[in-house]
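The values are calculated or read from the model by the stated rules, or taken from the named source; none is laboratory data. Keep in mind that this is a model prediction, so the values were computed, not measured. When we count neighbours, we look across all protein chains shown, and the Cβ atoms used for this are built from the backbone with ideal geometry, even at glycine. With ligands, DNA and RNA removed, areas are computed over all heavy atoms of the protein, side chains included. Shrake-Rupley method; radii C 1.70, N 1.55, O 1.52, S 1.80 Å.
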Amino acid sequence: MPRLPERFYSRVKPTPFEAPHHLISFNPDVARLLGIDPDRVSPAEWIDLISGRRLPAECEPLAMLYAGHQFGHVVPQLGDGRATLLGEIRNQQGEKYDIQLKGSGLTPYSCGGDGRAVLRSTIREYLCSEAMHGLGIPTTRALAIVGSDAEVYREQIETGAILARIASSHLRFGSFEVFYHRDQHDAVQQLADFVIAEHYPDLATHDKPYVALLEEVVRRTARLIARWQAVGFAHGVLNTDNMSILGLTLDYGPFGVMEQYQPGYICNHSDFHGRYAFDQQPGIGLWNLNRLAQALIPLMSVEQAKVTLEQYEPLFVDHYFELMHAKLGLKNQDDMSRELISDLLSAMQANQVDYTRLFRALCDFVPPPQARNEAIRNLFVEREAFDIWAQQYRRQLEREQNHVTSRREAMRQVNPKYVLRNYMAQIAIDKAQQNDFSEIDRLLDILRDPFAEHPDMDHYAGEPPGWANQIEVSCSS
Ligand code: AMP
Ligand code: MG
């Protein structure tokens, strides 16, 4: 970022809380990714850095400017209202990462907000971003949470915390939109040149580098959302200011991982019309890419933008079906295999079947009549609905001469045993609010390796407790 001029950001300093700070959780994997030996930095030093109390001399923190379309409406100026970018760090492999603090105090873009984040939302982002990484889904990563007893006012009084997160870039679709809406087309070009040079250097020699840039973002976004759909993840606030220019999952708020399969699942209780419902995400991805293309129009013709955007749908569909076939252990795709997938989803919807548990259970499917697959059957209200589908699955497996053992192994690599369900995060939050941070680390252990068995944590792979579906998450964070 410092290579961009100041029209793209404002210099700010993080504001430490008035109350003492403490380290709530620390993720050594991400420290190592940054090229830092976690044992050589003490908790006190991490607290000094993340609270903003003591920054390295070379650190020139800033808040980035952006705009966005929020729930379909243009907001000409947003920006990091509660985040500070500390700077960039390069690891031994030459990979660069930006370190950003979220909840670090007021910035010129705070717009009446308090610049803070509450402990609750910080724990959710920390756990979910690492869970997504564990699932192989592109995402920002989480380095640590520093908490404080300082009070932060939301619907209730809560305590504040700061999340340190990293990404190769936190640039968003909205980073381009802000300059398009101001008619500052030279800045749109300057930012596009910066993104190409820093993140897509292969595109620099392309004869139409800006079209190639849009094409790459289209491709990454299509693949990202296909992965969300395959794992049952709903983002909750897919505004264009939450869309990463690198195709990362960005800005975790009222997200949800689907439990009972319902295509219209709305995870965000502030999303009254279901604009960001689970099954709307693929279409919203394209809508958002249209907003990005619009912002890039000074750099290409309308025709070029249209042709590029047309690539989204086939890319999404192909990748989604590729992932769903892998989830069923199928090697070949044909009309019948696609029908098998949609019939399964229909039966799951009609029978309120848990999405994650069903696919994990299907790893152990043995074609009837050798087995009755009781554990899988029992996940359906109407057991016969499963039996009918199981015959269809058996025939497909026979057609492709698919073997039980190799299929089981392959399926266990793509169907997680553990996902971050809202109730799991809530248990960690409730304990943390009583100053017990142990559940955060326990959850991190299973979520970073969600395909493994972790027998001592089996309860998190079972049926969620009765209170789980009463949890409501909203934009309040
Ligand atoms: P989000 O819903 O977290 O993606 O935030 C949308 C916009 O509101 C971004 O520009 C944020 O920086 C800003 N924002 C959210 N919460 C706060 C807060 N507590 N104080 C200041 N700005 C905020
Ligand atoms: Mg955001």
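Structure above, values below:
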| read-out | value |
| --- | --- |
| Selection status of L447, of a type outside the set (F, W, Y), touching a strand residue (DSSP E or B) at 6+ places or on another chain (Cβ under 7 Å) and under 19 Å from D354 (Cα atoms) | no |
| Selection count where residues are within 14 Å of ligand 1 (Cβ to nearest atom), of a type in the set (V, I, T) and within 26 Å of L292 (Cβ to Cβ), scope segment 150-186 | 1 |
| Residues that are among the hydrophobic types (A, V, I, L, M, F, W, C), closer than 18 Å to R442 by Cβ and within 16 Å of ligand 1 (Cβ to nearest atom), drawn from segment 104-144 | L119, I123, C128, A142 |
| Conditions (1) farther than 26 Å from F179 by Cα; (2) in contact (Cβ under 8 Å) with a residue 12 or more places away in the chain; number of the one not met by G274 | (2) |
| Count of segment 61-93 residues which are more than 8 Å from ligand 1 (Cβ to nearest atom) and open to solvent by 30 Å² or more (accessible area, probe 1.4 Å) | 11 |
| All helices (runs of 4 or more DSSP H) inside segment 401-460 with 3 or more residues being in contact (Cβ under 8 Å) with a residue 40 or more places away in the chain and among the basic types (K, R) | 404-412 |
| Residue among L191, L214, L203, L224 that is more than 16 Å from ligand 1 (Cβ to nearest atom), open to solvent by less than 30 Å² (accessible area, probe 1.4 Å), modelled with pLDDT of 95 or more and within 14 Å of Q294 (Cα to Cα) | L214 |
| Given (1) open to solvent by 20 Å² or more (accessible area, probe 1.4 Å); (2) touching a residue at least 60 places away in the same chain (Cβ under 8 Å); (3) within 14 Å of ligand 1 (Cβ to nearest atom), index of the condition L101 fails | (1) |
| Filtered residue count, segment 295-312, keeping only those that are farther than 21 Å from G174 by Cα and touching a residue at least 60 places away in the same chain (Cβ under 8 Å) | 1 |
| Residue in segment 22-30 that is part of a loop (DSSP other than H, G, I, E, B), surrounded by 16 or more Cβ atoms within 10 Å (Cβ to Cβ) and of a type in the set (S, T, N, Q) present | yes |
| Tabulated pairs, segment 236-247, first more than 20 Å from L213 (Cβ to Cβ), second open to solvent by 10 Å² or more (accessible area, probe 1.4 Å) and within 11 Å of ligand 1 (Cβ to nearest atom), C-beta under 6 angstrom, 6+ apart or interchain | G236/G253; V237/G253; N239/Q70 |
| Extreme residue, surrounded by the fewest Cβ atoms within 10 Å (Cβ to Cβ), among residues of segment 4-21 that are part of a helix (DSSP H, G or I) and either at pLDDT 95 or above or touching a helix residue (DSSP H, G or I) at 6+ places or on another chain (Cβ under 7 Å) (or both) | R7 |
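Here's the yes/no breakdown for (1) open to solvent by less than 20 Å² (accessible area, probe 1.4 Å); (2) within 17 Å of the chain's Cα centre (by Cα):
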| residue | (1), (2) |
| --- | --- |
| G115 | yes, no |
| V118 | yes, no |
| I123 | yes, yes |
| M132 | yes, yes |
| D149 | no, no |
| V152 | yes, no |
| E155 | no, no |
